[in-house]
Amino acid sequence: MIAQAIFVQILTPRNLGNYIVNSIDKRAGVKYSPNLGRERRPSVRVLVGCERSGVVREAFRKRGHDAWSCDLVPADDGSPYHYQRDLRDLLAQAKQGYWQLGIFHPECRFLCNSGVLRLYLGGKKANGPDEARWAAMREAAAFFKLCLDADIPKVCVENPVMHGHAKALIGGVEPSQSIQPYEFGEDASKRTCLWLKGLPLLVPTNVLRKERYANQTPSGQNKLGPSPERSALRAKTYQGPADAMAVQWGVLGQSADTSTPAALTPYHGGECG
């Protein structure tokens, strides 16, 4: 009698819809994020490649998503949700359809426009090419293209403004948009380009306009001086854009429509890096 009463209580009209949806979801293998209030949000399986800081990974995990970072070095935050291995191996071994969203931060040192003169001996074109540097650039471009062509339905590849030699090597593919940290509430300027596949443009959330940002010198350059950690600190994603990615892209079954209303087209100004 008690069992019957419990069964009737569970299957009241108010709960019957959720009961049916739960049953279908379990059979389909759909995982839902816990503690996200009444609205049922599916959990997205996210791979954040070339990330040691964990900023993007944790932005997604805090919103209930199954996000993992991957890099050749350990995670700065010691997270267990980090693969310390070559991203190429991870992508090759993953079953088709395993990852639903990939966000990649490949090495930009040999690809960015700000370093194009370093492709030449002594930083001068007249001295001829630095063959070692050109070889490293070709390898970096091939890795970038691997990330862009990853067998994942939704992909974002992040890099600074790319020089023409590198752009030619990746097939002339133009970035989908460029963003600034200050468009997402951060007191910083660092122009970053995003190459998107199956994702809508990232929409600014809180534009902060200033004459000079906290990370800039009076001449507009980055304040960070030379140090062993300079490269890692410069590469670290700001929290504002990371949160925007998690909120705007963390939706399973999101439409692949990549168009953006004209009123929401992101600002493309600012300095590279």
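Contact annotation: residue pairs with Cβ atoms under 9 Å, 6 or more positions apart or on different chains, pairing a residue in the stretch 112-130 that is within 22 Å of N159 (Cβ to Cβ) with a partner that is among the β-branched types (V, I, T), are C112/V161; N113/V161; S114/V161.
Screening A67 on (1) surrounded by fewer than 16 Cβ atoms within 10 Å (Cβ to Cβ); (2) among the small types (G, A, S); (3) under 22 Å from K197 (Cβ atoms); (4) modelled with pLDDT of 95 or more shows it passes everything except condition (1). Please pick out the residue among A232, A256, A246, A263 that is at pLDDT 85 or above and not β-branched (V, I, T). Being at pLDDT 85 or above and not β-branched (V, I, T) holds for just one of A232, A256, A246, A263, which is A246. Checked against (1) aliphatic (A, V, I, L, M); (2) modelled with pLDDT of 75 or more; (3) within 23 Å of W249 (Cα to Cα), L36 passes all but a single condition, namely (2). Scanning the stretch 150-170 for residues that are outside any helix (DSSP H, G or I) and more than 15 Å from the chain's Cα centre (by Cα) yields a count of 5. S114: crowded, with 16+ Cβ neighbours inside 10 Å, touching a Pro at 6+ places or on another chain (Cβ under 9 Å) and on the phi < 0 side of the Ramachandran plot, yes or no? For S114, the condition - crowded, with 16+ Cβ neighbours inside 10 Å, touching a Pro at 6+ places or on another chain (Cβ under 9 Å) and on the phi < 0 side of the Ramachandran plot - is not met.
When S79 is tested against (1) at pLDDT 95 or above; (2) under 16 Å from the mean Cα position of the chain (by Cα), only condition (2) is not met. In the stretch 137-178, the qualifying residues are those that are of a type in the set (V, I, T) and within 11 Å of C108 (Cβ to Cβ), and the one that is modelled with the highest pLDDT is V157.
Every residue, every condition in (1) touching an Asp or Glu at 6+ places or on another chain (Cβ under 8 Å); (2) in the same structural domain as C193 (by TED's automatic domain parsing); (3) of a type in the set (A, V, I, L, M); (4) part of a loop (DSSP other than H, G, I, E, B), yes or no:
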| position | (1), (2), (3), (4) |
| --- | --- |
| V73 | no, yes, yes, yes |
| D76 | no, yes, no, yes |
| P80 | no, yes, no, yes |
| L90 | no, yes, yes, no |
| G97 | no, yes, no, yes |
| R109 | no, yes, no, yes |
| V116 | no, yes, yes, no |
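For (1) of a type in the set (D, E, K, R); (2) in contact with a Cys (Cβ under 6 Å, 6 or more places away or on another chain), each residue gets a yes or a no:
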site	(1), (2)
V73	no, no
S79	no, no
D89	yes, no
K95	yes, no
H105	no, yes
L111	no, no
V116	no, no
G122	no, no
E131	yes, no
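Here P80 clears all of (1) free of Cβ contacts under 8 Å to residues at least 24 places away in the same chain; (2) surrounded by fewer than 24 Cβ atoms within 10 Å (Cβ to Cβ); (3) closer than 19 Å to G250 by Cα except the condition numbered (3). Checking each residue in the stretch 118-149 for being more than 30 Å from P200 (Cα to Cα), in a helix (DSSP H, G or I) and of a type outside the set (A, V, I, L, M, F, W, C) picks out R118, G122, G123, K125, N127, E131, R133.
R52 meets each of the listed conditions (1) out of contact with any Phe, Trp or Tyr (no Cβ under 9 Å at 6 or more places or on another chain); (2) among the charged types (D, E, K, R); (3) surrounded by fewer than 19 Cβ atoms within 10 Å (Cβ to Cβ) apart from (3).
The values are calculated or read from the model by the stated rules, or taken from the named source; none is laboratory data. Just so you know, these numbers come straight off a predicted model, no measurement behind them. Note: ideal-geometry Cβ built from the backbone for every residue, glycine included; neighbour counts use all protein chains shown.
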